[in-house]
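Here's the structure we're looking at; comments come further down.
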Amino acid sequence: MFLQQFLNGLTVGGVYALMALGYTMVYGILELINFAHGEIYMLGAYLGIIFFGVLTASGLTAQSIPLSLILTFVLSVVICSAYGFTMEKIAYRPLRNAPRLSPLISAIGMSIFFQNYVMLTQGATDKVFPHLFGVSGFSFFNARVTYLQTIIIAVSLLLMVFLHLFVTRTRRGKAMRAVAQDKLMASLLGIDIDFIISLTFVIGSGLAAIAGIMIALYYGLVNYSIGYIAGIKAFTAAVIGGIGSIPGAMFGGLFLGFVESMGASYISSEYKDAYAFVVLIVVLLIKPSGIFGKATEEKL
């Protein structure tokens, strides 16, 4: 039973980790909590249903389900990345030098806007994503692993590895780290600060869209409010790992999924959403900067 719940937690934790990466990347560069990030995740889930439905109506799904899913992911990522790019331009860039409370209020306003936008355009009732994989799978040391769980775990881990390699090995990734460390010095060295910040929002939004589609495939139901709880949990995962730390966000998401799964199995499923915040309080009491975070000193 432990192994079964561990695999279930790893599945959901991978989704939390992908979302937490968006939070921690934006905070690392702007020191801003993008509370509208959960709504990008929700938009990804809705766009996944819409695009998959269009491809099914066109007859492509009947010919090749994998191709339809790949196109669904690609199209949803493109649209959600565009949403993230536009959101940064409209809601955050004009307030970059404003008092810290102003961008926070703007982020909450964007979250409310996206929720109402989807509710008005798509309706308030739940939407259903087809169960494409069913319960088929294989046994692994007396635990049952479905093919969908395998895909979600594999995609989540691969994306985390690719992001880590992008940030540490590529010129754009090194520019992102330079901007996060010192914006003024990075600008003096010729780095386009606005481009790097926009790129951060685009990457984070794309990861959130993928997470939204995978969770829609996993649970089958989507509504306009799913981004709120998922966003809070992903933010919790980022704080547990150390906000601003990419490895910390990965660890925090996987750890949070593990805690939720074990708590629901061995304690009570009624308090599933509360376990994340209990862990958050414990971590903040023991290590306020997060497990992978580093305490910073401010000289006056």
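The values are calculated or read from the model by the stated rules, or taken from the named source; none is laboratory data. Note that the coordinates shown come from a computational prediction; the quantities given were computed from them, not determined experimentally. Neighbour counts run over all protein chains shown; Cβ positions are idealised from the backbone, glycine included.
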* Meets criteria (surrounded by fewer than 21 Cβ atoms within 10 Å (Cβ to Cβ), of a type in the set (Ser, Thr, Tyr), under 28 Å from residue 154 (Cα atoms) and modelled with pLDDT under 85) for residue 289 -> no
* Structure fact -> Given the conditions (1) over 18 Å from the mean Cα position of the chain (by Cα); (2) modelled with pLDDT of 90 or more; (3) not acidic (Asp, Glu), every one holds for residue 224 apart from (1)
* Tell me the helices (runs of 4 or more DSSP H) entirely within the stretch 223-300 that contain at least 3 residues that are β-branched (Val, Ile, Thr) and touching a residue at least 24 places away in the same chain (Cβ under 8 Å). => 226-241
* With the condition kept exactly as written, say whether any residue in the stretch 80-101 is farther than 30 Å from residue 30 by Cα and either exposed (fewer than 13 other Cβ atoms within 10 Å of the Cβ) or without any contact (Cβ under 8 Å) to a residue 24 or more places away in the chain (or both). => no
* To do: Would you confirm whether any residue within the stretch 151-168 is within 17 Å of residue 250 (Cα to Cα), modelled with pLDDT of 90 or more, touching a Phe, Trp or Tyr at 6+ places or on another chain (Cβ under 7 Å) and not small (Gly, Ala, Ser)?
  => yes
* To do: Please find, within the stretch 125-150, the residue that is modelled with the lowest pLDDT out of those that are of a type in the set (Gly, Ala, Ser) and exposed (fewer than 13 other Cβ atoms within 10 Å of the Cβ).
  => 134
* Cβ pairs under 7 Å, 6+ apart, first in the stretch 127-148 and over 17 Å from residue 10 (Cβ atoms), second in a strand (DSSP E or B) and not hydroxyl-bearing (Ser, Thr, Tyr) -> 127/222; 128/221; 129/222
* Residue, surrounded by the most Cβ atoms within 10 Å (Cβ to Cβ), within the stretch 35-62, restricted to residues that are modelled with pLDDT under 90 and either within 20 Å of residue 155 (Cα to Cα) or not β-branched (Val, Ile, Thr) (or both) -> 35
* To do: Taking only the stretch 20-34 into account, find how many residues are in a loop (DSSP other than H, G, I, E, B) and buried (at least 24 other Cβ atoms within 10 Å of the Cβ).
  => 1
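Yes or no, residue by residue, for (1) in contact with a Ser or Thr (Cβ under 9 Å, 6 or more places away or on another chain); (2) within 20 Å of residue 233 (Cα to Cα):
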site: 26; (1), (2): yes, yes
site: 48; (1), (2): yes, no
site: 88; (1), (2): yes, no
site: 96; (1), (2): no, no
site: 104; (1), (2): no, yes
site: 111; (1), (2): no, yes
* So which of 115, 122, 181 ends up being among the polar types (S, T, N, Q) and either exposed (fewer than 15 other Cβ atoms within 10 Å of the Cβ) or at pLDDT below 90 (or both)? -> 181
* Asked: Within the group 228, 219, 224, which residue is among the hydroxyl-bearing types (Ser, Thr, Tyr) and out of contact with any helix residue (DSSP H, G or I) (no Cβ under 7 Å at 6 or more places or on another chain)?
  -> 219
